[in-house]
Number of protein chains: 2
Amino acid sequence: MNKLENQSRSVALVDLPGTLSDVAEIEKYCTDWSGLRGGRPAIVYRPRSSLDVARIVQHHSGDLQRITIQGGLTGLAGGAVPDDGDIVISMERLDQIEEFDAIGGTVTVQAGVVLSRLAETVEAQDWYFPLDIGARGSCQIGGNIATNAGGNRVLRYGPMRDLVLGVEVVLADGRVVSMMNRVLKNNTGPDLKHLFIGTEGTFGIVTRAVLRLFPKPEVRRSALCALSSFVQVTALLKAARGRLPGLSSFEVMWDDFLRASTRELGRSMPFADDHNVYVLVEAEGSTAPQMQELFEGFFGEMIEESVVSDVIVAQSQAQSNALWEIRDGIGELLKSLSPFVSFDVGIPLRVTGEYVERVRNLLETAFPAASHLFFGHLGDGNLHIVTGPHVSEADQLRADEIVYRLVEEVGGSISAEHGIGRIKKPFLHISRSGIERELMAKLKATLDPAQVLNAGRIL
Amino acid sequence: MNKLENQSRSVALVDLPGTLSDVAEIEKYCTDWSGLRGGRPAIVYRPRSSLDVARIVQHHSGDLQRITIQGGLTGLAGGAVPDDGDIVISMERLDQIEEFDAIGGTVTVQAGVVLSRLAETVEAQDWYFPLDIGARGSCQIGGNIATNAGGNRVLRYGPMRDLVLGVEVVLADGRVVSMMNRVLKNNTGPDLKHLFIGTEGTFGIVTRAVLRLFPKPEVRRSALCALSSFVQVTALLKAARGRLPGLSSFEVMWDDFLRASTRELGRSMPFADDHNVYVLVEAEGSTAPQMQELFEGFFGEMIEESVVSDVIVAQSQAQSNALWEIRDGIGELLKSLSPFVSFDVGIPLRVTGEYVERVRNLLETAFPAASHLFFGHLGDGNLHIVTGPHVSEADQLRADEIVYRLVEEVGGSISAEHGIGRIKKPFLHISRSGIERELMAKLKATLDPAQVLNAGRIL
C-alpha cells in the first residue's frame, strides 16, 4: 500500500453528491493545458454552492490537507495541477448564471460558468461580455478571475480585473465573505476584491461574481497592416488609439510568425512585398456608414503619413475571419514546434523592437535549427514568444534564461497574462523584488495561515 | 504648558530642510476641504524623496507617534486632517515629473505633483492624462491614488486605480518598496499596488508612481439632453455607450438641480418646456467631419426613438463651456445651501430613479424649508446629493440617516469616490460587512502593526 492510498483513506469525506474518488474518474483532474503532470488527488469534490465549498474547507481545516482549486483546467502555468493526496475542489457544477440586470448592464454568475456560455447568453440579450481568450469554450469565470485573464480586447476593455464588480469568496477558514458589489465606483476602504483577483486561488476561493457588461457592438471591422519597422508600430498604435473610434485589438506579428502561419494554413503571404512586421487592427462600433468611412480613411491617412506600407481592409465578415485565422494560426503552429517553450512577457513598448531583435539573435545563435516566433497583444505591451522544438530540458532552460534575462534588463514582466502557477515560480524573482515577495508571503500568512489553499503556487 | 507642547518637545526631529513646527506656519496643515477641524500637529515634514520619507518613518517608529500624510488637502472626508501631536508628512515638495515616455505613453511622477500641472505638461506633448476632478488645481497625484479619485471621465477611462501602472511606497517599518511597473499587463502574483490605491494612506505612503497616458483627443463635443423620466436616462446611457464613439461623460441633473444652478448663474432655463431630468453628454474624438455627423446624428436618433425629448448640441467651444457651467454651478450653489450635508453614493442604475424619488420625498417631508439637489456621474452609478441649509447637528444626522438607510436597502455604496476618511467612518458598516471590516483590520495589522499611518481613518 503506497503513501497515496494511505492518504486517501485517512480523509473523512464531506457528504456531497458528485464527489469522485475512483482512480479512473479522477484521471482528468490531474493535469491542465500546460501539460504539467501533477500527482493524484485523494478526492475530487464538485460543489454546487458557496456553502458547499465552505463546508468542504471547514471539514478539512483540521487535517491540513492541501486544497487544489480547479476551473476549466485551461491554465498554462500549471496552477490547477494537484499534488499527490490533494483535496481537489472542481467548480464545474457551480455553473449557474444567476441574475442578469439588463438596465445596469451587470450579470451575477457562479464561478464555474464557462466563458463562452456567458458571452453567448448575454449577447442573446443585446449585451456584451468582452473578455475573449483562446480557451473560451472551456475556461471558467472563476479561473478567469483567479488568473486576471487578458486576451484580445484588453486594449479597449482592460483585463478581467476591470470587468469584475464584486466577488463572493470562501476564505481558508471556511467562512464565506460576500462582496457582491454592483456599482462601478465604490471607495469604501480597501477594495478587498483585488486580494482575490489574479492571486491564483492562494488567498481564497472565488465562488460567485458580479461582472460588468457592455452594449453589444453592432459590427467589428478588421484590417491587416504591413509596416517597415517596429518604430512604425508605435506610431500606428498612438494614432489608432487617438483617431480610430472603437479600437479593440492591436495584434502585432513579426515576419517570421506570418510566414510560418500562412504556410501552416496552406496560403500565400497576404502582401506581394516583404515587410518586417504586421499589425492586425480591429475596431468595434456601429454599422453607421460614417464609421466605415472613418475606418477606411484612417488607414489611408496612415499610408499617406508613411506609417503603414500596405494594408488590407476586410470588406466582409469572411475576409475579416480570414485575417484573424492568420493570428489564430498559432494553435496549429504549436503542434509543429513541439516540444516548444512559450513565453508571455510584458515589455515596455519603447524597448519592444530592440528586445525582439536581441532575443531573436540570441535564440538563433543558440538554436539555429529551431523556429522562433514573435507576436502579441502589443497594445497592452504583451509579447508572446514561441521557440521550438527543444527536446532536452537543458535546452528548454537555456531558452528560459535567454528570454527572462533580457526581461529583467528592460524592466518587464515575466507573465503578462498567464500567471505564475507552478511553472514560472522559479523565475518570480525576476519580476518581483525580495521585499515584494515578503509582502506576498505576509498576505498569504494572514489569509491562509495553514497554507492549504493552492499551496506551492506563485511563491 | 499644555499637553500638545509637551508632545511637540518630546519629539527628536529628523534633520530635513523645510520642516515646520512654528504654530503659525503649521496652521494651514490642520484642516482640509471638508472643513473638518483637526488638532495641531507636533511637526510638519516636507520631504523631497522616498528616502527622506523612509528616514522620517524610521526615525519615529520607536516613539509610536502617529503619522498623518497630506497631499493637496482637498479631501472631502477629513482623511488628511491631523490629530493633536501628530507627525505630518506633507508631500508638497515631492513635486518632480521625473520621466515622460512619449513612445509607451507613460509618465513617472513624485506623489506631490499637482494634477493640473501634470495634465498640462503631458498635453503640451500631445498626450493626455484623463483624470479630471474639481480640485485639479490643488490636489496631488499621491492623494488621487490614496483616494482612488474618480471625476468626470471615469466612464471612458476608469478611476485612478485604472490609470496607475506602478507605485513606490514607504511602508510603516520605514522600508521603501519600489513597484514601478510600466506595462499594462503584469500577472506575476498578487498585484500589490492595489494595497495602496484607495486605502487612504493607511497601509503605506505612496511616494512615486508610473501613470498611463492616452493620446490627446483633438476635440470634445457636448450636448445637453432633456428627458421625461429616469427610465429614459438608462435607455440613453445604453445607446450612448454602444453607438456614440468616444463617449466620455454622462452627467445627470434632476430638474431641481438645473433650476437652482441656472438661477444661481442668472440665466433662464435652457429649454422652453419643463422636463424631469437632464443629461450632459460629452464625447471625445477627432475633428473628422464624420465624427461631428455621428455626434449630431446620434441625438437625432434619440429624439426619433423618443428617448430624448429635446436636445441642445453645442456648436462651439463657448457653447460647450456654457453647458458645463450649469453642471459646475454646484460650486456656487453650495455656498447658498450652507451649512449643507453632501453625499457621494454609489447606486445600482436600475434602482436609481426610484432611490432618488424616495430620498427626495423623505427629505422634503423632514426638511420642507431646505433645498435638496440630485445630480451625478450616472454613467458610473455615482449619485451626488446636496441638502441644506441644516444648522443643527441633529438635522445633519437625520439627513445622513435618510440617505444611508436607503443606500443600505438598495445595496449601494456610501462613498463612490470621496472615500471614508474620518467623516464617513461611523457609516462604514452600511457598505462593509463585519467580516469585510475584520479583513481590513487584519491587513492593517499585517502592514502597520503599530497602527501609526493615518491612524483612525476608515475603520
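Just so it is clear, none of the values below were taken in a lab; they were calculated from the coordinates. Since the structure is predicted, the reported quantities are computational estimates derived from the model, not experimental observations. No Cβ is skipped: glycine too gets one built from the backbone with ideal geometry, and neighbour counts run over all protein chains shown.
In terms of other Cβ atoms within 10 Å, B:Thr188, A:Thr121, A:Thr108, A:Thr207 run from fewest to most in the order A:Thr121, A:Thr108, B:Thr188, A:Thr207. Given points 7 Å out from each Cα along the Cα-Cβ axis, report the A:Glu218 to B:Glu305 separation in nanometres with one decimal. Those two pseudo-labels are separated by 0.9 nm.
Each of B:Gln317 and B:Asp15 was given a label point 7 Å from its Cα along the Cα-to-Cβ line. The distance between the two points is 5.2 nm.
Relative to the longest principal axis of the Cα atoms of chain B, the long axis of helix B:349-366 lies at roughly 80 degrees. Give me a comma-separated list of calculated 3J(HN,Hα) values for region A:375-384, in order, Karplus coefficients 6.51, -1.76, 1.60 applied at θ = phi - 60°, integers in Hz, x for any Gly or Pro. After applying 6.51 cos²θ - 1.76 cosθ + 1.60, I find 6, x, 7, 5, x, 10, x, 9, 9, 9 Hz. Across region A:338-418 the C-alpha pair distances fall into 5 Å bins from zero in the proportions 3, 16, 30, 26, 16, 7, 1 percent. Measuring from centroid to centroid over Cα atoms, what is the spacing of region B:24-90 and region B:413-459 in Å? Spelled out, the Cα-based centre of one part sits 19 Å from the other. For B:Asp310, nonlocal amide neighbours, meaning residues 5 or more places apart or on other chains whose placed amide H falls under 5 Å from its own, are B:Ala226. Amide H contacts of B:Val219: B:Gly285, each under 5 Å away and 5 or more positions distant or on a separate chain (H built 1.01 Å from N in the peptide plane; Pro and chain starts excluded).
From the C-alpha coordinates alone, can you work out the Kirkwood hydrodynamic radius of the protein assembly as shown, in Å? 29.0 Å is the Kirkwood radius here.
Legend: calculated FRET efficiency, B:Leu397 to B:Ala102, from the Cβ-Cβ distance at R0 = 51 Å, rounded to 0.05, equals 0.45. Within region A:65-182, DSSP assigns beta bridges of which about 65% are antiparallel (rounded to the nearest 5).
Please express the shape of chain B as an equivalent ellipsoid: the semi-axes are the square roots of 5 times the eigenvalues of the C-alpha gyration tensor, given largest first in whole angstrom. Mind dumping the intermediate values first?
Working: eigenvalues 306, 147, 75 Å².
Taking √(5λ) for each eigenvalue gives 39, 27, 19 Å, largest first.
The C-alpha atoms of chain A define a longest principal axis, and helix A:393-409 lies at about 70 degrees to it. Other protein chain C-beta atoms within 10 Å of residue C-beta, averaged over B:171-184: 5.
Tally the DSSP beta bridges in chain B and give the antiparallel ones as a percent, rounded to 5.
On the way: 61 of 71 bridges.
Roughly 85 percent of the beta bridges in chain B run antiparallel, per DSSP.
Among the aspartates and glutamates, which fall within straight-line cross-link reach of A:Lys335, defined as a Cα-Cα distance under 19 Å, with same-chain neighbours fewer than 8 residues apart omitted? Partners within reach: A:Asp32, A:Asp256, A:Glu264, A:Glu325, A:Asp344, A:Glu393, A:Asp395.
With an 8 Å cut-off on Cα pairs and a minimum separation of 6 or more residues, tell me the relative contact order of region B:32-96 in percent.
Worked out over region B:32-96, it gives 55 percent.
Classify region B:219-333 from the C-alpha gyration tensor, please: rounded if a/c falls under 1.5, else prolate or oblate depending on whether a/b exceeds b/c. Judged from the Cα gyration tensor, region B:219-333 comes out oblate (a/c at least 1.5, b/c at or above a/b).
Beta bridges from DSSP with both residues in region A:338-418: antiparallel share about 95 percent, rounded to the nearest 5. Taking each of A:Lys193/B:Lys238; A:Lys185/B:Lys424; A:Lys425/B:Lys185; B:Lys28/B:Lys216 in turn, the alpha-carbon distance tops 28 angstrom for B:Lys28/B:Lys216. For chain A, the mean residue ellipticity at 222 nm estimated from helices alone is -10000 deg cm²/dmol, where every DSSP H run of n ≥ 4 contributes -39500 (n - 2.57) and the total is divided by all residues, rounded to the nearest 500. Taking all Cα pairs closer than 8 Å and separated by 6 or more residues, the relative contact order of region B:316-400 comes to 37 percent.
3J(HN,Hα) couplings calculated from phi for region A:101-112 with the Karplus curve 6.51 cos²θ - 1.76 cosθ + 1.60 (θ = phi - 60°) are, in sequence order, 9, 6, 8, x, x, 9, 9, 10, 9, 7, 5, x Hz; Gly and Pro show x.
Could you grab the relative contact order for chain B? Cα pairs under 8 Å, six or more apart, rounded to a whole percent.
Numbers: 928 pairs, mean separation 69.7, N = 459.
Worked out over chain B, it gives 15 percent.
Computed about the Cα centre, the dipole magnitude for the protein assembly as shown is approximately 1900 debye when only Lys and Arg (+1) and Asp and Glu (-1) carry charge, each at its Cβ. Rounded to whole Å, give me the distance from the Cα center of region B:145-188 to that of region A:203-240. Rounded to whole Å, the Cα centres lie 21 Å apart. The order of B:Trp254, B:Trp324, going from fewest to most other C-beta atoms within 10 Å of their C-beta, is B:Trp324, B:Trp254. Inter-copy label distances at B:Lys442, shortest first and taken from points set 7 Å along Cα to Cβ: 1.6 nm.
Mind putting a number on the dipole of region B:23-90 about its Cα centre? Charges go on the C-beta only, +1 for Lys and Arg and -1 for Asp and Glu, and I need it in Debye to the nearest 20.
The calculation lands at about 160 debye.
Residue order for B:Ser309, B:Ser222, fewest other beta carbons within 10 angstrom first, comes to B:Ser309, B:Ser222. Taken one residue at a time, the phi angles of region A:261-275 give Karplus couplings (6.51, -1.76, 1.60, θ = phi - 60°) of 5, 5, 4, 4, 7, x, 10, 7, 5, x, 10, 5, 8, 7, 9 Hz. Gly and Pro are set to x. Here is how far apart the A:Gly137 label points are across copies: 6.0 nm, shortest first, using a point 7 Å from Cα toward Cβ.
Per 0.36 nm of contour for each residue apart, how much would the distance between A:Ser338 and A:Asp83 grow if the chain were fully extended, relative to their Cα-Cα spacing? Could you put the intermediate results ahead of the total?
Values: separation 255, 0.36 × 255 = 91.80 nm, distance 2.55 nm.
Between A:Ser338 and A:Asp83, full extension yields 89.2 nm more.
Between the amide H of A:Asp86 and those of A:Ala42, distances stay under 5 Å, these residues lying 5 or more places away or on another chain, with hydrogens modeled in the peptide plane.
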